[in-house]
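One structure is given below, encoded as structure tokens.
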Amino acid sequence: MGNAANHSHALPPERRRASDADRDRVAQLLGEAFVDGRLTAEEHAERLDALSTATTLGDLQPLIADLGPAPTLSEAEELRASSTGAENIVAVFGSAKRSGRWLVEPRTNTSTLFGEIALDLREAVLSQREVVIQCGLVFGSLKLTVPPGVRIVNETTPIFGDVDLKKTDSAVTVNAPTIRLRGSVMFSSVKVRTRTLGKRKLPWMR
């Protein structure tokens, strides 16, 4: 028994078993790198997949070895520096869209009256790890497209409305970038889809 214990302590660090705390820390670093733009959505999703099967510290190290410190002034940071804290997106008898590289404020207020709002967050920069999309939807729709690895939390109140999260990424951790949906969905619908870049045809356009 004593020899076995001594042998365990003699293991090199990379061969030691990883704890849940070790995995959580790596997940947090990957989330920060994704939010900062150091990882693409696809890279972030791939590394989270590898993290879920990692058993040793040596398995964890390659997932963060190339990240290093964030650049002093990245495009993502420049966008965040312009943050005003909130954005209002309104569609009344019409439509409003956001796509490409854009800043998602800590709070985005979406309002519709017989209108449609479509937000594509696959290339967007989150102003912080968790952002809120506040819904004030009346006879309208909100359609969100997010990259893999993003956590969606639904806290809306549907009133003769529908919130559809069936095609979102359910395998994300609590440390992942998070979008929190709040507000009311009255005679309206909210659809959230997880999709990688390059897939142009969205499920609700089929």
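The values are calculated or read from the model by the stated rules, or taken from the named source; none is laboratory data. Please read these numbers as outputs of a predicted model, since none were measured by experiment. Cβ placement follows ideal geometry from the backbone for every residue including glycine, while neighbour counts extend to all protein chains displayed.
Quick notes
- For the stretch 7-20, the criterion of being closer than 26 Å to T145 by Cβ, at pLDDT 75 or above and exposed (fewer than 14 other Cβ atoms within 10 Å of the Cβ) is satisfied by no residue at all.
- All positions within the stretch 35-58 that are hydrophobic (A, V, I, L, M, F, W, C) and modelled with pLDDT of 80 or more: L39, A45, L48, A50, L51, A54, L57
- Number of positions in the stretch 24-38 that are assigned to a loop (DSSP other than H, G, I, E, B) and either among the hydroxyl-bearing types (S, T, Y) or crowded, with 23+ Cβ neighbours inside 10 Å (or both): 0
- Number of residues in the stretch 142-178 that are crowded, with 20+ Cβ neighbours inside 10 Å, part of a strand (DSSP E or B) and touching a Gly at 6+ places or on another chain (Cβ under 8 Å) equals 1.
- Of all residues in the stretch 176-206, those being modelled with pLDDT of 75 or more, within 20 Å of A41 (Cβ to Cβ) and in contact with a strand residue (DSSP E or B) (Cβ under 9 Å, 6 or more places away or on another chain) number 11.
- Looking only at the stretch 10-44, and only at residues there that are of a type in the set (G, A, S) and in contact (Cβ under 8 Å) with a residue 40 or more places away in the chain, the one that is nearest to A176 (Cα to Cα): G31
- Filtered residues of the stretch 81-114 (kept if aromatic (F, W, Y) and either farther than 18 Å from G37 by Cβ or assigned to a strand (DSSP E or B) (or both)): F93, F114
- Of everything listed in (1) under 19 Å from S170 (Cα atoms); (2) out of contact with any Phe, Trp or Tyr (no Cβ under 9 Å at 6 or more places or on another chain), the single unmet condition for H44 is (2).
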